[in-house]
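A quick write-up on the structure given underneath.
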Amino acid sequence: MGAHEHLGRRRFVVGAGTALLGGGAVSGAEAAVVDGPLPEFHPALKDALTFPLAWGRSPVRDFRAWRRAARATVEEHLLVERQDSTPYAPEFGDRSPGDGFTRESVTVSLTRYERVRGVLLTPHGRGPFPAVLLLHDHGARFDIGKEKLVRPWYDETRLASARTWADKYFSGRFVGDELARRGYVVLSLDALGWGDRGPLAYEQQQALASTFYNLGSSLAGLMAREDERAAAFLAGLDRVDARRVAAVGFSMGAYRAWQTAALSDHIAAAASVCWMTGLKEMMVPGNNTLRGQSAYYMLHPGLARHLDIPDVASIAAPRPMLFFHGGLDPLFPAEGVRVAYDKLRAVWRARNAEERIRVKTWPELGHVFTDQMQDEVFSWLDDVL
């Protein structure tokens, strides 16, 4: 056997990948993945992503026209049609007094497919009040959803889980209760798989997403449409000042907050804590996104051929937006956060509204929404709504 026949598989595959990146072809080359689930040719896939519809790159120079085109592109990739004609048919119940506010359950039709149970907090006093659509995180914890953010007065078992969650991520606070005490109407509902709509097992997420795709639909698209509808429902309540409705979330909830602001004109401002990055910078060896599973709740197939993640959030410009990031957060590489923040600032600057976007990295913190971060978000909401 000659020297050239002693090529190991790894050397052969790298050579094949190099040829492909250079535009050549390798006859009989083995398919390969490297660094876990990344295809060996993933740099070529990244290079092909130029985000041609991004503001500043798109040939559309009128911002309002660009915004319409970008939003239409996002909506097309949701794979779930708008649900505007579906009556909400709200049912209220399970009222309980809080500290300066009233708690109640509410069940609504966000889509024509099913009824969704949530919680609604209303401050004491005369409205209409400003309001917050409070969007829960993922966290691979499915027995609680809305309960991660609003104290579950109706279930002692969930209360125990919720307290553990609040201690781990929110400095022991229930963020929704804090907002209601400060004079905001708060609405929080379960995404599919959590709380009353679960609990889903972690390893079932990929199969659930596949089922949606096989049925011509999308798990991430459903969540986006439901959040959009929830914003409209909240803005339409008599107790709410429709001009002062914000979306607020942590982790996956942060993603949901800026996504809802991009899709819904009912959202006047959004605060997103610990979910913003450039896509290319996130798709690196070891990143949690590469595991699949939870990533499917935030995956709109094909959208990256048109827009980067911060490009989608920029559809909300020039409305007030806040983005916080923990410098020690293992889920979002620092370079991805920097790229995203630079893109976001550039869009708001182009709209002569740079003062309306606030981005901040907390160098000593990880993937958390601490009481200090919360207090800054609350003060910011008071200022912008």
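The values are calculated or read from the model by the stated rules, or taken from the named source; none is laboratory data. Bear in mind that the values here come from a model prediction, so they are computed numbers and not experimental data. Glycine also receives a Cβ, built like all others from the backbone with ideal geometry; neighbour counts cover every protein chain displayed. Remember, those area values only see protein heavy atoms, side chains included, never the ligands or the DNA or RNA. Shrake-Rupley method; radii C 1.70, N 1.55, O 1.52, S 1.80 Å.
Please find, among Ser171, Ser105, the residue that is closer than 23 Å to Trp380 by Cβ and touching an Asp or Glu at 6+ places or on another chain (Cβ under 7 Å). After ruling out the rest, the residue left standing is Ser171.
Does Gly193 satisfy the criteria of being assigned to a loop (DSSP other than H, G, I, E, B) and open to solvent by 20 Å² or more (accessible area, probe 1.4 Å)?
Judged against the criteria, Gly193 is not a match.
Answer yes or no as to whether Ala317 is touching a helix residue (DSSP H, G or I) at 6+ places or on another chain (Cβ under 8 Å) and farther than 17 Å from Arg256 by Cβ.
yes
Within the stretch 267-281, being out of contact with any Lys or Arg (no Cβ under 8 Å at 6 or more places or on another chain) and buried (at least 22 other Cβ atoms within 10 Å of the Cβ) holds for Ala271, Ser272, Val273, Cys274, Trp275, Met276, Thr277. Checking Arg112, Arg117, Arg103 one by one, the residue that is in contact with a Leu (Cβ under 8 Å, 6 or more places away or on another chain) and surrounded by fewer than 21 Cβ atoms within 10 Å (Cβ to Cβ) is Arg117 and no other. Looking across the stretch 125-158, the residues that are touching a strand residue (DSSP E or B) at 6+ places or on another chain (Cβ under 6 Å), part of a loop (DSSP other than H, G, I, E, B) and not acidic (Asp, Glu) come down to Pro128, Leu149, Val150, Trp153, Tyr154.
Here Ala166, Ala162, Ala89, Ala72 are screened, and the one residue that is in a helix (DSSP H, G or I) and farther than 30 Å from Glu376 by Cβ is Ala72. If you go through the stretch 45-63 and pick out every residue that is open to solvent by less than 40 Å² (accessible area, probe 1.4 Å) and either part of a helix (DSSP H, G or I) or among the acidic types (Asp, Glu) (or both), you end up with 1. Among the residues in the stretch 96-104, are any touching a Pro at 6+ places or on another chain (Cβ under 7 Å) and at pLDDT 95 or above? For the stretch 96-104, residues touching a Pro at 6+ places or on another chain (Cβ under 7 Å) and at pLDDT 95 or above: present.
Out of the stretch 141-153, which residues are closer than 16 Å to Arg197 by Cβ and open to solvent by 40 Å² or more (accessible area, probe 1.4 Å)? Steps first, answer last, please.
We begin by selecting, within the stretch 141-153, every residue closer than 16 Å to Arg197 by Cβ; these are 141-150, 152.
Hits for the stretch 141-153 are Arg141, Asp143.
Just so you know, in the stretch 181-219 the residues that are aliphatic (A, V, I, L, M) and under 28 Å from Pro130 (Cα atoms) include one that is farthest from the chain's Cα centre (by Cα), and it is Val185.
Only one of the listed residues (Pro39, Pro130) is open to solvent by 30 Å² or more (accessible area, probe 1.4 Å) and at negative phi. That residue is Pro39. Filtered by the rule that a residue be hydroxyl-bearing (Ser, Thr, Tyr) and not in a strand (DSSP E or B), the stretch 346-385 gives Thr370, Ser379. Only one entry of Ser210, Ser188, Ser217 meets the criterion of being in a loop (DSSP other than H, G, I, E, B) and either modelled with pLDDT of 95 or more or under 20 Å from Arg115 (Cα atoms) (or both), and that entry is Ser217. Looking at the stretch 240-345, the strands (runs of 3 or more DSSP E) lying wholly inside it that each contain 1 or more residues that are of a type in the set (Lys, Arg) and over 14 Å from the mean Cα position of the chain (by Cα) sit at 240-250.
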